[in-house]
Each structure stands twice: as C-alpha cells, then as structure tokens.
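First comes the structure, then the notes that go with it.
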Amino acid sequence: PPSTGASARPLWSSVVTVARSHVLLGAAVFILGVDFPAFARRLAKTERSGFSLMDTGVGLFVALAAASSPEAKGAPSSGGVQNVARTAKGSVALVLLGLSRVIAVKSLDYQSPISEYGVHWNFFFTLAFTKVTASVVYAILPARLDWLVGSILSVGYEAVLQSTQLNAFLDNGNRDGLVAANKEGLASLAGFLALYLIVVALSRRLLYGARSCVRDWVAMVFETGAVALVGLALTYVVHSDVAPVSRRLANLPYCLWMISLFLVTIVCFVLLQIADVLLCQDGMQVDFSQLQVLHKAKDSAGESQEPNLLWNSINFNAMPMFLLVNLLTGLVNIVLRPRTTGTLSAVLVLVVYISVAAFTTVFLYSRKMKLKLPFT
C-alpha cells in the first residue's frame, strides 16, 4: 500500500494549485474565444444580471486568491502594517497591468463593453483593490472575525442596493465624471471584498485542516459539499425573491453563487485526487496532508514524469501566463479580425493560441524560470 507522509497542517494545498491552474486555462480560452462568432453567446458575460460561464471568471479568481492567502492557511500574522505594505507592494504589478490594459484598449480601439466594469476600470484593478483592502481589514480586526465582517458587508451592500438610489444610479447611462464613468467597477468592490473575506474563512476551516488519511479527506468532501449545497439553496432563494444574480454589481446572490461554485470546484478536485491516491502503485509515497502522490511516474522509456505538469507549470508563472494570453488575444484581434472568422479557422486559431501559451509555461517551469513582474 502507499506510505503516508506528514500530517502537519499544510502551508499550501495541491488542490488549490490545480484548481487555480484550471481556472486560468479556462479564462485563457474564453477571453479569446468570445471574440469569434462561433462562440456560444449564452456563455458570454451577462450585461446586467443572470448566470453565464464567463461571469464566473472574476469571482473564482477572487475566491482562489483568498484561498491561497496567508490568512486562509492560518499563518501567524507578521504585523498589521507590514502585511498591508507587503500586499500593497505586491499589488502594484496588478495596477500596472490594469493601466496597461486601459491604454491598450483605448489605443487599439479594442471592443470592451462599458457596462462590464466602466470606462477605465478592469479586472486587474478589482483584484488589486480587493487584496489590499482585505489586508487592511486583517490589520484592524482579528482574523477569526473575517466571516462576520464579510457577511455583514455583503448583506449590507445588498440592502443599500435595494433601499437607496444606488441601483438606479448604476443602471442609468450617466458617465459624467470619473466616478460615474467607472461606477460598476467601483460599486462591485464591496461585494468582491465580502467574497474574499468569506472564502478565506471557509478555506481556513475546510481546506487547510490537518489530515492524515483518505478518510479525513472524504469527511472534508462531505462537509464542504454540505456547505456548498446550503450556498446554492441560498443563491436560488435570494436570486428569486430579492435580486437577480449580477456579476456586474457583485451583489449578494452573486457572492453566494461564487462561494458555492468555489466549494463545488474544490470538492471535485479533491475527489479526483482521492481517486489518484487510491489508484497509485504500491510502494509510492503519498503526502496525505496535501492528498498528493509524491513520487514521479515513469513513462515507457523509463523517464521520470511529473504528475500535474501542466497545472504546476501554469501555477508557477500564473500572472505572467495570464499577461501572455492577454497579449496574444490583442495580437490575434489586430491581425485576424475575429468577428469575421469562420468556425474552422476560429478553432485552429484557438488551438495554436492555447498551445503557444501552454508550451511556453511548461518550458519555463522545466527550466525553473519564474518570471517576476515589477514590484512582485
């Protein structure tokens, strides 16, 4: 039988690594795929409210950033002010990427729906603000209260949307002034911060507990699955009776949906890794704290093959890889004019595009070349 590894509380979870890599790869496919007429429009981002596959992208990115944070891992605090400064420094790269996207969109006249985030705002600004603001919250309040702060913030934000003129302001076409021009992106920050804090609390409780055998992980699956089912039920109730799900606003039902989807995603990957552990060859070592087979497999030629090579490669250079696919997307839009591209050509372009991104990340990982963005 496979031997066991250490059962200490893990500082990193291979489940989070694989989940984040899958989300990154999926986002890479969709950010270019949506530009082609062959792409199913029902999968594209909704303009105001509703459920769609691409609406999950920003929510899952925020959730996975929360799940990989020091607070989620239960790491001892290094000091409130120092933590805020470190997070702010690490987020400068995101701000620079956001500014670069604004400049590129305006310079190239690239299609970018204003109703998504606003005129100038984008995903990079949202993620940077969320991480920095969360670090401020943890500098002021004990980490054990994050679930309460997140819940109050999400419910309070929804109450403001329902009881004030904020919703009407966000729905009208007024774009006069910097705030009005970016009102969707600015308003949604409250929802994304709430999502971040709640996912940190859930990850600390459900994902990073010390486990020493498969039975512990099966128990984790049932516990996490139960929380996900409750979240999905609440999503349905709030979506039906209070307000429709809106990624654009990051409102309460959207946060509930993203929390539930994040937990379902984690459960699926844990089940896959349980199967991997149970099916591994006799004598292979297993680290049950991370539910991971440690020994590399051998191919037919006897060469070592690293499990999850693609996912580890993407995770190793996650932000540079995301920057690369954004640059490639812009290049394809300049050269090919995707809106006039047929289905077969679109598929071929997507295959080449994602292959270039995948081979680049695997090559960098195989050479242990970790690309550093400015200020990271």
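Taken together, the values in this text are just the output of simple stated rules run on the coordinates, not laboratory data. Every value quoted in this text rests on a predicted model; they were computed, and no experiment measured them. Cβ sites come from the backbone with ideal geometry, for glycine too, and all protein chains shown count toward neighbours.
Data overview
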item	result
Shape box of segment 57-134 [Cα atoms, principal axes, largest first, Å]	47, 22, 14
Gyration tensor (alpha-carbon) shape descriptor, segment 182-236, a/c threshold 1.5	oblate
Centre separation in Å (Cα based) which lies between segment 176-247 and segment 24-53	21 Å
Net charge of neighbours whose Cβ lies under 14 Å from the Cβ of K89, counting Lys and Arg as +1 and Asp and Glu as -1	+3
Separation of the T340 and L141 label points, Cα + 7 Å toward Cβ, nm	5.4 nm
Helix-only [θ]222 nm of the chain, DSSP H runs n ≥ 4, -39500 (n - 2.57) each, per residue, nearest 500	-21500 deg cm²/dmol
Principal semi-axes in Å for the chain [√(5λ), Cα gyration tensor, largest first]	33, 28, 20
Peptides ranked, highest mean first, by Cβ atoms within 10 Å: ranges 336-348, 216-228, 149-161	149-161, 216-228, 336-348
The chain - charge dipole about Cα centre, Lys and Arg +1 at Cβ, Asp and Glu -1, debye rounded to 20	680 debye
Distance histogram in 5 Å bins (all Cα pairs of segment 196-266, percent per bin)	3, 18, 24, 22, 15, 9, 5, 3, 1
